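Take a look at the structure below.
The values are calculated or read from the model by the stated rules, or taken from the named source; none is laboratory data. All figures in this text were calculated on a predicted structure; none of them were measured in a lab. We place every Cβ from the backbone using ideal geometry, glycine too, and count neighbours over all the protein chains shown. Ligands, DNA and RNA are excluded from the accessible area calculation, which covers all protein heavy atoms including side chains. Shrake-Rupley method; radii C 1.70, N 1.55, O 1.52, S 1.80 Å.
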Amino acid sequence: MPAELPDDTAAIYPWHENTWQRFCELVDSQKLPHALLLSGSRFLGKRQFALKLAQYLLCLSPQNGERCMQCKSCLLLSANTHPDLIRVSPPIDKKDKKEKKDIPVDTIRELKETVLQTAQQGGNKVCLLQPAEKMNENSASALLKLLEEPPANTYFILVADEPHRLMPTILSRCQQQSFYKPDKKALQQWLEIMSGGADIESAFRLSRGFPGRAKQLLLENIDKSQFPGLVQQFFQGELTALAAATKLGVDEYRPFIEECQLLVHSALKNSASNGAGAAIAAETGVFRYYPGSVLLQIETILFNARRQFEANANKRLLFESTLGKCQQLLPKSA
Ligand SMILES: [Zn+2]
């Protein structure tokens, strides 16, 4: 695998090409709605799509679905200093340096003042709001007023992993574009290109088909060959949570949890399709003493932990407490 994968911060996935062309045509014919919502799970490429669209809207002479890279606007974009690209996210807390829980109303008020001014570069203005579901009630109401009477040449691109948390009135003002997992073959092909033909099997498996996570896993460059054996030992009660935490490096915690969840998930799937008990035992015998209800509980714990890894600063603590909770559920005879 090459040391560095190509930077695709604003490149879109090949399976989004048709959608992209459709959006470009709307921009070119000046028919793009003023409020868009890109929605879908994490790791599907919504943010890079949103950024590329914002750049396309700001370029002063876009051509054939690409920004020109030469106009003043494009130069400012490349330098990350374009005054008419306004990004709205939860602010960083000055004290603990962590992202705040929500987007406060003051942020939306500032946004309003900015968009009511004429575009500094004489073209469009684009507001990228992500994650849009982090707006609280007050900030959402403030944004709604803007969406109801959008200033000229201003586009709002909302990105949401959990669109159901947005106010219905906001939803009704936005044209929604949903993002889904690519089909298996398309993702595998893409991973092969990205990795220069290196082994993509574990990245594909652990990512569960989410391209953004698969790419992270490739970049992490961790040898995951020992994981299945260790996971098996853990669920058979031969490896404690603490021993696992000591044995693994910090960067290995998350893929290890993913490996655990995969095994539990496939055991559950087998038991659902073949009747409880019998098929679970077939899963390398690891879960032969596990009641289905316990497997379900364990899967929930692992699922929640996977979500927390992105945000959690103390990965070791999260890893130990997650495996610790699972350990308490291990059947006595395991
Ligand atoms: Zn340009």
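Net charge dipole, the chain: roughly 540 debye, given to the nearest 20, about the Cα centre with Cβ charges of +1 for Lys and Arg and -1 for Asp and Glu. Per-residue extension of 0.36 nm, minus the Cα-Cα distance of Gln236 and Asp183, leaves a gain of 15.7 nm for this segment.
The simple Förster model, with R0 at 30 Å and r as the Cβ-Cβ distance, assigns Thr81 and Glu220 a FRET efficiency of 0.45.
Give the range of the longest stretch in the chain that excludes all GluC sites (Glu not before Pro) found in loop regions by DSSP and having at most 13 other beta-carbon atoms within 10 Å. With GluC sites (Glu not before Pro) excluded where exposed in loops, the chain gives 5-237 as its longest stretch. Fully extending the segment from Thr19 to Ser293 would add 94.5 nm, taking 0.36 nm per residue of separation and subtracting the current Cα-Cα distance. Counting lysine pairs in the range 55-190 that sit 8 or more residues apart in sequence, or on different chains, and whose Cα atoms lie under 27 Å apart gives 25.
Ignoring any ligand, DNA or RNA, what whole percent of the accessible area of the range 139-265 comes from carbon and sulfur when the probe is 1.4 angstrom? Whole-percent figure for carbon plus sulfur exposure: 49. The average projected area of the range 14-178, computed from the convex hull of its Cα atoms over all directions, is 9.8 nm².
At a probe radius of 1.4 angstrom, the accessible area of the chain per residue rounds to 51 square angstrom. A helix-only calculation puts the chain at -15500 deg cm²/dmol for mean residue ellipticity at 222 nm, using -39500 (n - 2.57) for each DSSP H run of at least four residues, averaged over all residues. Rounded to 0.05, the FRET efficiency of the Ser141 and Asn304 pair, given R0 = 45 Å and the Cβ-Cβ distance, is 0.90.
By a 1.4 Å probe calculation restricted to protein chains, His164 has an accessible surface near 140 Å², given to the nearest 10.
Selection among Gln308, Gln21, Gln189 by position relative to the dipole of the chain gives Gln308 as farthest towards the positive end (Cβ unit charges, Cα centre).
Label positions at Thr118 and Gln30, each projected 7 Å from the Cα along the C-beta direction, are separated by 1.7 nm.
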